[in-house]
Amino acid sequence: MSNASVATKAGPPPSDIPEPQPLRKRRGVNREGLEAGRRSTRTILWILLAAAMVLYGFPFLYLLFTSFKTPIDTIAVPPTILPREWTLENYTNALGRSGVVASFINSIQTAVISTALSLVLAVPAAYGITRYKTPSGRVFIMAALVTRMVPPVAIGIPLASMMASVGLADTPIALSIAHTTISLPLSIWLMSSFFESVPRDLEEAATVDGCSRLGALWRVVIPVVSGGIAVTAIFAFLASWNEFLFALLMTAIRSQTTPVVIANFQTQFGLDWGSMTALAAVYSIPVILLTLLLQRKIVAGMTLGAVKG
Amino acid sequence: MRISDRRFALYLMTPAALFLAVFVAYPLFRLVADSFFKISPIAGGPRDFVGLQNYVTAFTSEAFTSAGWRTLAYTLVVVTLEFALGLGMALLFTTLGRKSQIWRTVFLYPLMIAPIVAGLLWKFLMIDNFGLIGTLLHQAGILSDPNQIGWLSDPNIVLFSVAIPDIWLTTSFMCLVLFAGLQNIPGDLLEAARLDGARAPALLFRIILPLLRPVIAVALVVRGIDAARAFDTILIQTNGGPQSASETMSLLIYRTMIRFGDPGLASAMGTIYLLAMLAIAFVAVATIWRPGKDN
């Protein structure tokens, strides 16, 4: 579901990250595989790409521009793209609302706990599945994938009442457990594909040297897949950070995360578009920047692991 | 004493398996159990066993069957458009080669945005009166009146409009998966086809798409499951309206549970919905995906 937007974005590991190295075979031929050859074709394709990028990037830019308008300008008819007057008023309004800053802290807490929980559970499980290939492992990864099909709306209410019955109602812990039901299957799948790429000789050498299997996993295999763990952590973090439905069903005042607060702006304070766009920008930009920044590190970590392995 | 490899593997998997059993399987069991009861929404209220009554109510209610069709239509629209756009972008990035790498990364940015934010943003773009899209189309001379198209207020098109943020958010994912698949197509094969005089459309339909089949299947299944569960983007844009014209299954279940206070009926709907998704997905997974097996 869209919630779990990223959760939902399961899929093969982000395969664009390790840049596929094109084989430089036919020298002199200025193309590999599908690459376009002619200069005129390439020019047209670049123009197409530019158009696509502008169209694709525009909605978020418009959100940013709007957040710098004055509150009245925000809903002016007809709307303008750029602010007539640049101001931070929407930002001060949004952040000044009671509960907004607290919701940021809740979001961070929930996402961090959920990410840690996902990794602690998924890393050993994925290793068990890929390294030993037992029938139970095969059944388990199938079962984990089936849980990805469960609509959160179906388990949200029972989950909320379970949490209430153990005294965890309206806490970041309860919400992070709920978020882990989304990110755990995804993390197991991602980690499985990373472990798959580690040569088996590596732990065999370690066990011959007197390491236990657990020791080999901890001291030899984990360092090699640290790049993969970072990628998995980002996915788990985003799944929790952007999740809305569980947060709506399971939190009240104390542990409300920012997506719920953003949605509440609509009803609670009338239609305050200016504050909403400002809060949405503040909530989205850190994760966009973080992911783009970390992407380099992840590539470096992976190539290093590959070279050592 | 050294335990066997098989047992060691089992120990490694146990914590995760227990977690999923307690926090996914058990709530599901509760959901199915609740579907046979008439439950008062008030905590501690009466709870009467009614057999299959809730299922009968669900299947005979117009709201439920039309939500089912709407969910199907929504899913098809989202997946088809995402596939077409994602394939187009993946081909574009592939034909442009390594120089477009940075743009490939930038293209991923919507994947990091919360669906609730995306829904809000597109609502802002499409809303009547101060929505930018109507205004721009009007200024470009395409529309005679900025409000000519009621993106979110016309029941005939609203199901399509609410799908736009979902498409915007995850076309990148489709592109990513298809791009990865395109990189695995052997260059020699394409070269040979070119030497035989194959032109671009023939290359695409005779060679590229058939070779991409497994990747396409995975991408469609994953996105299909997600689109069928869409909730946040629709809730924030229209809350299912106008006149329930954008009320998909997730929204109907949510409203039955929370607004109409009928957890028993909502559970029956949830159970049917889940079984339908499992049936469709299982057929797809069993035929094409086969995780955990050696390639």
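Taking the criterion of being under 27 Å from B:Ala268 (Cβ atoms), within 11 Å of another protein chain (Cβ to nearest Cβ), at pLDDT 90 or above and assigned to a helix (DSSP H, G or I), would at least one residue in region B:84-100 satisfy it?
No, region B:84-100 contains no residue that is under 27 Å from B:Ala268 (Cβ atoms), within 11 Å of another protein chain (Cβ to nearest Cβ), at pLDDT 90 or above and assigned to a helix (DSSP H, G or I).
Given the options B:Ala67, B:Ala16, B:Ala58, B:Ala21, name the one that is without any contact (Cβ under 8 Å) to a residue 24 or more places away in the chain, crowded, with 18+ Cβ neighbours inside 10 Å and under 26 Å from the mean Cα position of the chain (by Cα). Can you show your working first?
On the way: B:Ala67 fails: without any contact (Cβ under 8 Å) to a residue 24 or more places away in the chain; B:Ala58 fails: without any contact (Cβ under 8 Å) to a residue 24 or more places away in the chain; B:Ala21 fails: crowded, with 18+ Cβ neighbours inside 10 Å.
Step by step, each of B:Ala67, B:Ala16, B:Ala58, B:Ala21 is checked, and only B:Ala16 is without any contact (Cβ under 8 Å) to a residue 24 or more places away in the chain, crowded, with 18+ Cβ neighbours inside 10 Å and under 26 Å from the mean Cα position of the chain (by Cα).
Only one of (1) surrounded by 18 or more Cβ atoms within 10 Å (Cβ to Cβ); (2) at the interface with chain A (Cβ under 8 Å from one of its Cβ atoms) fails for B:Val221. Which number is that?
Going through (1) surrounded by 18 or more Cβ atoms within 10 Å (Cβ to Cβ); (2) at the interface with chain A (Cβ under 8 Å from one of its Cβ atoms) one by one, B:Val221 breaks only (2).
Do we have any residue at all in region A:170-181 that's within 12 Å of chain B (Cβ to nearest Cβ), crowded, with 16+ Cβ neighbours inside 10 Å and in a loop (DSSP other than H, G, I, E, B)?
No: zero hits.
Go through region A:217-266 residue by residue and tally those that are surrounded by fewer than 21 Cβ atoms within 10 Å (Cβ to Cβ), farther than 30 Å from A:Ala164 by Cβ and small (Gly, Ala, Ser).
Of the residues in region A:217-266, 2 are surrounded by fewer than 21 Cβ atoms within 10 Å (Cβ to Cβ), farther than 30 Å from A:Ala164 by Cβ and small (Gly, Ala, Ser).
Has region B:177-187 got at least one residue that is over 27 Å from B:Val106 (Cβ atoms) and surrounded by fewer than 17 Cβ atoms within 10 Å (Cβ to Cβ)?
Yes: region B:177-187 contains one or more residues that are over 27 Å from B:Val106 (Cβ atoms) and surrounded by fewer than 17 Cβ atoms within 10 Å (Cβ to Cβ).
List every residue pair whose Cβ atoms lie under 9 Å apart, where the two residues are 6 or more positions apart in sequence or sit on different chains, the first residue falls within region B:119-140 and is more than 7 Å from chain A (Cβ to nearest Cβ), and the second residue, located anywhere, is acidic (Asp, Glu) and part of a helix (DSSP H, G or I).
Correct list of pairs: B:Gly119/B:Asp166; B:Gly119/B:Asp232.
Can you confirm whether B:Ala198 is part of a loop (DSSP other than H, G, I, E, B), surrounded by fewer than 22 Cβ atoms within 10 Å (Cβ to Cβ), aliphatic (A, V, I, L, M) and out of contact with any strand residue (DSSP E or B) (no Cβ under 6 Å at 6 or more places or on another chain)?
yes
Consider B:Phe37 against the criteria (1) aromatic (Phe, Trp, Tyr); (2) within 28 Å of the chain's Cα centre (by Cα); (3) buried (at least 16 other Cβ atoms within 10 Å of the Cβ): it satisfies all of them except one. Which criterion is unmet?
It fails just one condition, (2).
Of the residues that make up region A:269-277, is at least one closer than 30 Å to A:Ala164 by Cα, in a helix (DSSP H, G or I) and modelled with pLDDT of 90 or more? Spell out how you get there, then give the answer.
Here is the first cut: in region A:269-277, the ones closer than 30 Å to A:Ala164 by Cα are A:269.
Within this subset, residues satisfying the condition of being in a helix (DSSP H, G or I) are none.
Checked region A:269-277: no residue is closer than 30 Å to A:Ala164 by Cα, in a helix (DSSP H, G or I) and modelled with pLDDT of 90 or more.
Restricting to region B:141-177, what's the tally of residues that are out of contact with any Lys or Arg (no Cβ under 7 Å at 6 or more places or on another chain), assigned to a helix (DSSP H, G or I) and within 10 Å of chain A (Cβ to nearest Cβ)?
Total meeting the criteria: 10.
If you go through region B:250-263 one residue at a time, how many are farther than 18 Å from B:Ile164 by Cα and either in contact with a helix residue (DSSP H, G or I) (Cβ under 7 Å, 6 or more places away or on another chain) or at the interface with another protein chain (Cβ under 9 Å from one of its Cβ atoms) (or both)?
Number of matching residues: 8.
Looking at A:Trp86 and the list (1) surrounded by fewer than 14 Cβ atoms within 10 Å (Cβ to Cβ); (2) modelled with pLDDT under 90, which single condition is not satisfied?
All conditions pass for A:Trp86, except number (2).
Please report, ordered by residue number, the helices (runs of 4 or more DSSP H) entirely within region A:206-266 with at least 1 residues that are within 28 Å of A:Ala278 (Cβ to Cβ) and hydrophobic (A, V, I, L, M, F, W, C).
A:226-241, A:245-250
I'm told A:Ser114 meets every condition in (1) under 30 Å from A:Ser197 (Cα atoms); (2) at pLDDT below 90; (3) small (Gly, Ala, Ser) except one. Can you identify the failing condition by its number?
Going through the list (1) under 30 Å from A:Ser197 (Cα atoms); (2) at pLDDT below 90; (3) small (Gly, Ala, Ser), A:Ser114 breaks only (2).
Would you mind stating whether B:Asp48 is loosely packed, with under 14 Cβ neighbours inside 10 Å and either of a type in the set (S, T, N, Q) or more than 25 Å from the chain's Cα centre (by Cα) (or both)? Write out each step before concluding.
Numbers: loosely packed, with under 14 Cβ neighbours inside 10 Å: yes; either of a type in the set (S, T, N, Q) or more than 25 Å from the chain's Cα centre (by Cα) (or both): yes.
Taking the combined requirement at face value, the residue satisfies it.
Here is a check on your reading of the model: is B:Phe59 within 13 Å of chain A (Cβ to nearest Cβ), aromatic (Phe, Trp, Tyr) and either in a helix (DSSP H, G or I) or touching an Asp or Glu at 6+ places or on another chain (Cβ under 8 Å) (or both)?
So B:Phe59 does not fit the description; no.
So the check is Cβ under 6 Å with 6+ separation or different chains; which pairs have a first residue in region B:26-39 that's more than 10 Å from chain A (Cβ to nearest Cβ) and a second one that's part of a helix (DSSP H, G or I)?
B:Ser35/B:Asn54; B:Ser35/B:Ser267; B:Ser35/B:Ala268; B:Ser35/B:Thr271; B:Phe37/B:Gly264; B:Lys38/B:Gly264; B:Ile39/B:Pro263; B:Ile39/B:Gly264
Hey, can you tell me all the residues within region B:1-52 that are within 25 Å of A:Leu159 (Cβ to Cβ) and of a type in the set (S, T, N, Q)?
Matches in region B:1-52: B:Thr14, B:Ser35, B:Ser40.
Quick one: in region A:182-212, of everything that is farther than 14 Å from A:Leu145 by Cα and of a type in the set (Phe, Trp, Tyr), which residue is surrounded by the fewest Cβ atoms within 10 Å (Cβ to Cβ)?
Taking the candidates together, the pick is A:Phe195.
The values are calculated or read from the model by the stated rules, or taken from the named source; none is laboratory data. The model shown is predicted, which means the values in this text are computed figures rather than measured ones. Virtual Cβ from ideal backbone geometry, glycine too; neighbours counted across all protein chains shown.
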